[in-house]
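Input: a single structure, listed below in structure tokens.
The values are calculated or read from the model by the stated rules, or taken from the named source; none is laboratory data. Because the structure is predicted, anything quoted here is derived from the model rather than measured. Methodologically, a virtual Cβ is constructed for each residue, glycine included, from the backbone with ideal geometry; neighbour enumeration extends over all protein chains shown.
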Amino acid sequence: MLSKAGFFYQQNRDRVISAILAGLIVLFTWFIFSHAWVTDDAYFTFRTIENWVNGYGLTWNIAERVQVYTHPLWMFLLSVFYFVTREVYLTSIIASLLVSTLAILLLVLRVAPTKLSAIVGVSLLAGSSAYVDYSTSGLENPLSHLLIVVFCFVIALGTNLKHRTFWMSFVACLAALNRLDTVLLFLSVLVIELVLAKNRKKTALEMLLGFLPLMLWEIFSLIYYGFPFPNTYYAKTYNFLPLDQKILSGLNYLWFSVLYDPVTILVIVFGLGLLMAQRHRMATAFAVGALAYVTYVVIIGGDFMGGRLLTPAYLLIVVGLVMFLLPKITARRLLILVAGIFSVTLLAASPAYTLYAKDFQVSRWNLVVDQRMRFIRAGLFQMDDFRAFNIDPQHGWINNTAFFVRSVFRGTAFRTEPEDDWVKLGKSLRAQADENGPFVETHISGIVAYYAGPGVHVVNNAAITDPLLAHLPPVYSSNWRPGHFFRVYPAGYIQVLEGDGDRLDDEEIAAYYDLIQRVTRGPLFAQERFAAILQLNTVKFDDFAPGLVDALRFPFMQHVEYGEIVAAREAGTPMGFTFTEDGSGVEVVLAETSFASRLQIELGANDPYEIQYLDRDGEIIAESHVLGDVNENEGVMTLHELKIPPKASRFGFSRFRIIGWRVPNYTPDAQQIVGELVLTP
């Protein structure tokens, strides 16, 4: 016989399920609200928005046309809000909350076939720290999430929607306008639509019309900015990194989620398999789209913001499960699944149902970081104050709850802008510009640049915002971080920006900068500007000035003749070299081409090294790698007998270079040392 609770459930099953679903939606909304924050990177877009609304055009520095934002659609949406409020911090949070709430309501009310599947879907989203965190942040994720759900809604409507292919393509186009790489999520579905269409010409035309806004934007971008892609694309992809290093970095990015946000990675991995197993055409297309996107994230090396790039694929998989798998599962098993989801979240470093991360620490793993905790003082809630009160052993849960409620009631629980030294610095720079006139400042922070205002020309040596630096080779770094590839300021560059110089010191860079200035500062429709646009988009800097690439990548390289090393060794005073900076190392130049087969080299402990063998033209023929012995004492040297790669021995090399090498999960010490160097046949 049924218990009273069981009987009540059977009699009121639909009401109980509706109440559970409504409660979950409220809870999930609270998760997003309590975790609301704004990251430094969002302020790169905010500065453009402020300039545009105030009549300076879609610019970062008002003197030049440069696209520093990667999400045009999100930028335009925030601009509408900012035009009304003239405030960016709370405005971006409110806009994100509205868009994120709309996405979840659309999923629950229009996409999910059953209320039970909706309950599991909301639970999956609420269990992902990455999804909750990046439902705000000031970045484009909320709008990407909404457009993914809208795309799935169009699919759910089926043939009931006239010109469905057009609307699918149009939504995919908007998503690409919001962030171009998310188009990978939708391509497999669109390909299936085209292949199975009865009238492929008509279907192809509808798709073409659907993607018309993206094509128009690319035309505008090419005319206005001079380039089809954002400046950030060139700054981040022009990096000289080998594919294997990028893939290792991308896998490391996934491993961060395994360690600190397991629900996200588990749902992605098992969700892909479950969708494939449905043997449903559209479910398979969802899985292929998500897999293509995650593969792309791995290939580009991931990101430094843990989980940020995974949320679009995560959402598509969750929606796919809600649409194609969960309706087939019994209510009991679904509720067990919900309990399992929240159990796994206990392993997360920053579960969505807690106000802050465990031990209030920033979770880091090999240069990937919990960015929300990094900018905890840019969060809407004053979590740091609450945490300080909470950890006092004299304060029980009643006192903690009272403190929290009182803070909310008094308004002291909330911020109206980030509490960061970068805000203070930016405001001081703005005051300085207001008093003394425009000037140039070098700083990497978006927060500083935004608060500094249009009177300060901010140069970023990560090249995110600078049109010249983005097209120059980055400084070599064995400890590179995704998205952070720093450049050396060319001699005279800052002086030229400040108006204290007419031309850069190096003639080849100066000639290249003339093209950049013609595109970013010249009259918009001048004939010579379009000629410069064509040249800059068809000729890379390493083809324009190939002799400067090594000088810019290794500005602190120590050069030595091999004959000097031999002479010093014979005189009993062997040479030694130490290097610690990015862009540094030791390059040994040979008097004539060598076909040596072995290299005897003495290297310092606790560091990984790469040895590159180059021909007379400076092209790398082959590389070899050495992992220095681990030793507690700094300065300890080890002699290595290396076999030179056959390709280098066979074709001959004119010089070889010793530099740092990137090894996953390996932290080098402060200095790298090179001692004995002997080439043998």
Unmet criterion (only one of (1) under 26 Å from Trp661 (Cβ atoms); (2) surrounded by 21 or more Cβ atoms within 10 Å (Cβ to Cβ); (3) within 20 Å of the chain's Cα centre (by Cα)) for Thr465
(1)
Residues (small (Gly, Ala, Ser) and either more than 33 Å from the chain's Cα centre (by Cα) or under 27 Å from Arg650 (Cα atoms) (or both)) located in the range 557-593
Gly563, Ala567, Ala568, Ala571, Gly572, Gly576, Gly585, Ala591
Given the condition assigned by TED's automatic domain parsing to the domain that holds Ser79, within 24 Å of Leu254 (Cα to Cα) and touching a His at 6+ places or on another chain (Cβ under 6 Å), answer yes or no: does some residue in the range 140-149 qualify?
yes
Hey, any hits in the range 507-521 for a residue that's more than 23 Å from Ala63 (Cα to Cα), of a type in the set (Gly, Ala, Ser) and not in a loop (DSSP other than H, G, I, E, B)?
no
Find the residue count for the range 76-97, including only residues that are within 17 Å of Tyr451 (Cα to Cα) and touching a Gly at 6+ places or on another chain (Cβ under 8 Å).
1
Arg487: crowded, with 19+ Cβ neighbours inside 10 Å and over 19 Å from Phe556 (Cβ atoms), yes or no?
no
Near pairs, Cβ below 6 angstrom, 6+ apart or cross-chain, from the range 536-552 (in the same structural domain as Pro473 (by TED's automatic domain parsing)) to any residue that is of a type in the set (Phe, Trp, Tyr):
Phe544/Tyr512
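Out of everything in the range 500-544 that is polar (S, T, N, Q) and under 33 Å from the mean Cα position of the chain (by Cα), what residue ends up being nearest to Val66 (Cα to Cα)?
Restricting attention to the range 500-544, the residues satisfying the condition of being polar (S, T, N, Q) are 517, 520, 527, 535, 537-538.
Next cut, under 33 Å from the mean Cα position of the chain (by Cα) only: 517, 520, 535, 537-538.
On the way: Gln517: 11, Thr520: 7, Gln535: 17, Asn537: 15, Thr538: 18 Å.
Looking at residues that are polar (S, T, N, Q) and under 33 Å from the mean Cα position of the chain (by Cα), I get Thr520.
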Would you kindly identify the strands (runs of 3 or more DSSP E) lying entirely within the range 590-681 that contain at least 2 residues that are out of contact with any Pro (no Cβ under 9 Å at 6 or more places or on another chain) and either at pLDDT below 90 or among the β-branched types (Val, Ile, Thr) (or both)?
598-604, 637-643, 653-660, 672-680
Among the listed residues Thr45, Thr70, identify the single one that is touching an Asp or Glu at 6+ places or on another chain (Cβ under 8 Å) and either under 20 Å from Ala175 (Cα atoms) or in a helix (DSSP H, G or I) (or both).
Thr70
Being in contact with a Phe, Trp or Tyr (Cβ under 9 Å, 6 or more places away or on another chain), surrounded by 13 or more Cβ atoms within 10 Å (Cβ to Cβ) and either among the β-branched types (Val, Ile, Thr) or more than 24 Å from Val475 (Cα to Cα) (or both) is the filter here; which residues of the range 581-599 pass it?
Val586, Val588, Val589, Leu590, Ser594, Phe595, Ala596, Leu599
Might you let me know whether the range 416-425 holds any residue that is among the β-branched types (Val, Ile, Thr), crowded, with 20+ Cβ neighbours inside 10 Å and over 21 Å from Ser257 (Cβ atoms)?
yes
Take Glu602 and decide whether it is surrounded by fewer than 17 Cβ atoms within 10 Å (Cβ to Cβ), out of contact with any Ser or Thr (no Cβ under 6 Å at 6 or more places or on another chain) and either within 20 Å of Pro546 (Cα to Cα) or of a type in the set (A, V, I, L, M) (or both).
no
Leu194 vs. criteria part of a helix (DSSP H, G or I), assigned by TED's automatic domain parsing to the domain that holds Ala283 and free of Cβ contacts under 8 Å to residues at least 60 places away in the same chain:
yes
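With the range 324-427 as the region, which helices (runs of 4 or more DSSP H) entirely inside it contain at least 3 residues that are within 31 Å of the chain's Cα centre (by Cα) and outside the structural domain of Pro113 (by TED's automatic domain parsing)? Break it down stepwise before answering.
Details: elements: 331-344, 371-374, 383-390, 397-410.
Helices (runs of 4 or more DSSP H) meeting the threshold: 371-374, 383-390.
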If you check Asp244 against the conditions, is it surrounded by fewer than 24 Cβ atoms within 10 Å (Cβ to Cβ), part of a helix (DSSP H, G or I) and of a type in the set (D, E, K, R)?
yes
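This table checks each residue for (1) more than 23 Å from Ile268 (Cα to Cα); (2) out of contact with any Ser or Thr (no Cβ under 8 Å at 6 or more places or on another chain); (3) surrounded by fewer than 24 Cβ atoms within 10 Å (Cβ to Cβ).
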{"site": "Ile119", "(1), (2), (3)": "no, yes, no"}
{"site": "Ser137", "(1), (2), (3)": "no, no, no"}
{"site": "Leu143", "(1), (2), (3)": "no, yes, no"}
{"site": "Lys162", "(1), (2), (3)": "yes, yes, yes"}
{"site": "Thr165", "(1), (2), (3)": "yes, no, yes"}
{"site": "Ser169", "(1), (2), (3)": "yes, yes, no"}
Going residue by residue through the range 299-322, is there one that turns out to be aliphatic (A, V, I, L, M), over 12 Å from Leu124 (Cα atoms), touching a Gly at 6+ places or on another chain (Cβ under 7 Å) and surrounded by fewer than 18 Cβ atoms within 10 Å (Cβ to Cβ)?
yes
Is one or more of the residues making up the range 385-396 more than 19 Å from Glu87 (Cα to Cα), surrounded by 14 or more Cβ atoms within 10 Å (Cβ to Cβ), at pLDDT below 80 and among the polar types (S, T, N, Q)?
yes
Picked from the range 184-199 (must be surrounded by fewer than 19 Cβ atoms within 10 Å (Cβ to Cβ) and of a type outside the set (S, T, N, Q)), the residue nearest to the chain's Cα centre (by Cα) is Leu187
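Among the residues of the range 107-129, are any in a helix (DSSP H, G or I), without any contact (Cβ under 8 Å) to a residue 40 or more places away in the chain and over 13 Å from Phe28 (Cα atoms)?
The answer is yes; a qualifying residue exists.
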Quickly run through the range 349-375 and pick out the residues that are closer than 22 Å to Asp421 by Cβ, touching a helix residue (DSSP H, G or I) at 6+ places or on another chain (Cβ under 6 Å) and either hydroxyl-bearing (Ser, Thr, Tyr) or surrounded by fewer than 22 Cβ atoms within 10 Å (Cβ to Cβ) (or both).
Tyr356, Ala357, Phe360, Val362
Which of the residues spanning the range 531-573 are hydroxyl-bearing (Ser, Thr, Tyr) and surrounded by 14 or more Cβ atoms within 10 Å (Cβ to Cβ)?
Tyr562
